[in-house]
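The structure under discussion appears below in the form of structure tokens.
Computed from the coordinates by the stated procedures, all read-outs in this text should not be read as laboratory data. Computed from a predicted model, the values in this text were never measured in an experiment.
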Amino acid sequence: MSELDAFRAEINRSLAVGDFAAVELEVVDVEGRTPVVVALADERLPVLLRRIEAVGGYANVFVKTVSGVRRVAVMDVDGALDVRSADDMRSAAEQPSSDSTVGAFVDYLAHRVGGVVLPARLATASRSALPARQVEIVAAR
């Protein structure tokens, strides 16, 4: 079993009967489901964003770091309560690098109380950001 698969199983158990069983997940879809995505801190941020897009563009994200598990809530800008307090990182100059790790980005989020607004896909050196659905990533502890 890969490290990611083992972490996914750990989170599933924890949500069902463990430490996270009593935690209210912030992101709920229109049908009342709470999509969950997991990631490892050393994975690249675009990999995480593709996973989030694959489950509908928003999710409760659990990240395994060396210091433990961190949670972030990822949602559409239209569904966010107050995007005015979020840092707008949609322009190519403001975006995290497509080489950024999930762990570095989660650490960055810890200092952004209002969250951040990102494009659904990050710009790369060879192309500018696509005008795809935007997501808000809000730090949740």
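Karplus-based coupling profile of the range 44-60, in residue order and whole Hz: 6, 4, x, 5, 4, 4, 5, 4, 5, 4, 5, 9, x, x, 8, 5, 8, with θ = phi - 60° in 6.51 cos²θ - 1.76 cosθ + 1.60 and x standing for Gly or Pro. Computed across the range 1-57, the Kirkwood hydrodynamic radius from all distinct Cα-Cα pairs reaches 12.6 Å.
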